[in-house]
Amino acid sequence: MSLREVKRLKVIQAAIDRQVTQKAVACMVGLSERQVRRLVRVVREDGDKGIIHKSRGRFSNRRIPDKVKERVLKLYERSYGDFGPTLATEKLTEIDGIEISDETLRKWLLEAGLWRKRRKRSSHRQWRQRKECFGEMVQLDGSHHDWLEGRGPGLVLLAYIDDATNNVFARFYDYEGTIPAMDSFKRYARRYGLPLSIYLDRHTTYKSTKKLSEWEELEEIEPLSQFERALEELGVEVIHAHSPQAKGRVERLFGTLQDRLIKEMRLRGINTKESAN
């Protein structure tokens, strides 16, 4: 059995034992109620093996004969070795009268070691346009930095920057976690209102790493962190960035804030490491 069939068998057995309704099973596995009734009947008659597809292990009726495959590979080596699978299939049809798909030929060539997969170039990441209105999106990130330059404990600066206007809100915390994240968001919302969406990284505070149970996988339930769950209740969309470059505005903000802090300390007559050196 495949993993998918094992999962289906469990819910079908639950339906047979009347633990869940067949309608509920249909929703869990993405099948119609008619298909679920058929699976229930087959499993009752044939046992667990009834969940396995009947064509498993059989050759397809549309399978191309081995003689044709051998001839194609010989022709490719002899006449079309410099061609790619797509062009080779065209020539096989035009010259040799053999009609096969380019994907079939590509598969055969890979198995025979006559063709190598070519790595696709990664698509160019386009610059994302700014949002048009204040509050449409804010970027959030935490910076772990020696903000007090050795004069106190390490602090984390949780900073928000509005995507449209560059409006900044920031606050220091002892660590980057659920409570500081919720506290900082509450303070931001009280001052500026709820944003429509928030753009942040995949830190465990913001993105759940919980492993799904079998039932959750069947129902395609996405695990949420406490922070995500709170924002969902507030109607704020959470968007996770896939790289630091994607949230570049808030990343660049930390460098600006570090420079401002040093200047402020100098103005107040506080020696910094930079001036001491």
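The values are calculated or read from the model by the stated rules, or taken from the named source; none is laboratory data. Fair warning: this is a prediction, and the values are worked out from it, not measured in the lab. Virtual Cβ from ideal backbone geometry, glycine too; neighbours counted across all protein chains shown.
Give region 211-234 a look and list any residue that's closer than 30 Å to R190 by Cβ and either at pLDDT below 85 or under 17 Å from the mean Cα position of the chain (by Cα) (or both), or say none. Of everything in region 211-234, those that are closer than 30 Å to R190 by Cβ and either at pLDDT below 85 or under 17 Å from the mean Cα position of the chain (by Cα) (or both) turn out to be E222, P223, L224, S225, E228.
Candidates are the residues of region 159-181 that are hydrophobic (A, V, I, L, M, F, W, C) and out of contact with any Asp or Glu (no Cβ under 7 Å at 6 or more places or on another chain); the one that is nearest to D146 (Cα to Cα) is F172. Pairing residues of region 89-104 that are within 15 Å of P65 (Cβ to Cβ) with residues that are loosely packed, with under 13 Cβ neighbours inside 10 Å, at Cβ distances under 6 Å and at least 6 apart in sequence or on separate chains, gives E99/T93.
Taking first residues from region 151-162 that are under 14 Å from Q139 (Cβ atoms) and partners that are of a type in the set (V, I, T) and crowded, with 21+ Cβ neighbours inside 10 Å, the Cβ contacts under 9 Å between residues at least 6 apart in sequence or on separate chains come to A159/V250; Y160/V138; Y160/I198; Y160/V250; I161/V138; I161/V250; D162/V138. Only residues that are among the β-branched types (V, I, T) and surrounded by fewer than 16 Cβ atoms within 10 Å (Cβ to Cβ) were counted in region 21-50, giving 1. Looking across region 73-103, the residues that are among the hydroxyl-bearing types (S, T, Y), within 20 Å of R62 (Cα to Cα) and either outside any helix (DSSP H, G or I) or in contact with a helix residue (DSSP H, G or I) (Cβ under 8 Å, 6 or more places away or on another chain) (or both) come down to T89, S101.
When the residues of region 41-99 are filtered to those that are small (G, A, S) and under 30 Å from V11 (Cα atoms), the one that is modelled with the lowest pLDDT is G57. So which residues in region 133-167 are buried (at least 17 other Cβ atoms within 10 Å of the Cβ) and of a type in the set (D, E, K, R), if there are any at all? Of everything in region 133-167, those that are buried (at least 17 other Cβ atoms within 10 Å of the Cβ) and of a type in the set (D, E, K, R) turn out to be D141, D162, D163. When V36 is tested against (1) over 24 Å from E5 (Cβ atoms); (2) at pLDDT 85 or above, only condition (1) is not met. Of all residue pairs spaced 6 or more apart or on separate chains, those with beta-carbon atoms under 6 Å, a first member in region 188-209 that is over 17 Å from E132 (Cα atoms) and a second member that is hydrophobic (A, V, I, L, M, F, W, C) are Y188/F169; L200/L140; D201/A241; T205/A181; T205/F227; Y206/L200; Y206/F227; S208/L224.
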